[in-house]
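Engineer: Below you'll find the structure I mean.
The values are calculated or read from the model by the stated rules, or taken from the named source; none is laboratory data. Note that this is a predicted model, so its numbers are computed, not measured. All Cβ positions, even for glycine, are placed from backbone atoms using ideal geometry, and neighbour counts span all protein chains on display.
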Amino acid sequence: MSPYLVAALHANGRLPSERLPWIAAGWLVEGHDGPALRELAGLGAGEHREAGAVLPEALAETGLIPLTEEQAARAFLDHLYTCVLDGTLDEGDLCWQVSNLRQVADAIRGVWPFDELAALEYEFAICYGSPTDLQEQRVRELCQEHRNRYFAGEQLV
């Protein structure tokens with residue numbers, strides 16, 4: 001998992017701290033090095049508080065510039081959209097996660113297609129959690145369009 005994605009997931013509260021030592025060990029294997037990275041890789045799975053405390057310095061040792069709240073939110077959303085497109089996250093779960101993010105992430109309100117996905121989550125709830133094929137198709141289309149715009153370098157607002 002890339003340092004960029006780890007930073008985004010962690011900033012959005014979506015990365016279990018117990019995974020951080022294994023992720024840091026992977027970065028060491030990839031050739032990144034530093035005292036914080038070695039410390040993080042050496043922590044046990046139960047040392048959540050310590051892992052969270054050393055993570056920012058470990059990320060810096062990988063060369064990652066700290067992400068703004070908006071960058072972290074955008075990267076997290078991009079990860080979710082990619083998961084839908086590769087089949088590792090279903091459309092209803094994506095909309096549910098987006099709707100939950102809406103409650104806490106002021107930085108991504110108005111970011112396309114965030115608002116439309118949050119609205120679809122409401123429609124899914126009306127369908128008692130069983131989205132229609134058309135709703136699922138619309139979610140996949142939004143995810144693909146986001147990816148197309150992202151790789152074209154468009155501003156996604």
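Engineer: When you go through 7, 41, 51 one by one, which is the residue that is assigned to a helix (DSSP H, G or I), more than 20 Å from residue 94 (Cβ to Cβ), under 12 Å from the mean Cα position of the chain (by Cα) and not assigned by TED's automatic domain parsing to the domain that holds residue 97? Steps first, please.
Structural biologist: On the way: 41 fails: under 12 Å from the mean Cα position of the chain (by Cα); 51 fails: under 12 Å from the mean Cα position of the chain (by Cα).
That would be 7, the only listed residue that is assigned to a helix (DSSP H, G or I), more than 20 Å from residue 94 (Cβ to Cβ), under 12 Å from the mean Cα position of the chain (by Cα) and not assigned by TED's automatic domain parsing to the domain that holds residue 97.
Engineer: Among the residues of segment 57-71, write down those that are assigned to a helix (DSSP H, G or I) and either surrounded by fewer than 16 Cβ atoms within 10 Å (Cβ to Cβ) or among the hydrophobic types (A, V, I, L, M, F, W, C) (or both).
Structural biologist: Of everything in segment 57-71, those that are assigned to a helix (DSSP H, G or I) and either surrounded by fewer than 16 Cβ atoms within 10 Å (Cβ to Cβ) or among the hydrophobic types (A, V, I, L, M, F, W, C) (or both) turn out to be 57, 58, 59, 60, 69, 70.
Engineer: Right, something else. Among the candidates 53, 45, 60, single out the residue that is among the hydrophobic types (A, V, I, L, M, F, W, C) and closer than 18 Å to residue 2 by Cα. Break it down into steps so the answer makes sense when it comes.
Structural biologist: Details: 53 fails: closer than 18 Å to residue 2 by Cα; 45 fails: closer than 18 Å to residue 2 by Cα.
That would be 60, the only listed residue that is among the hydrophobic types (A, V, I, L, M, F, W, C) and closer than 18 Å to residue 2 by Cα.
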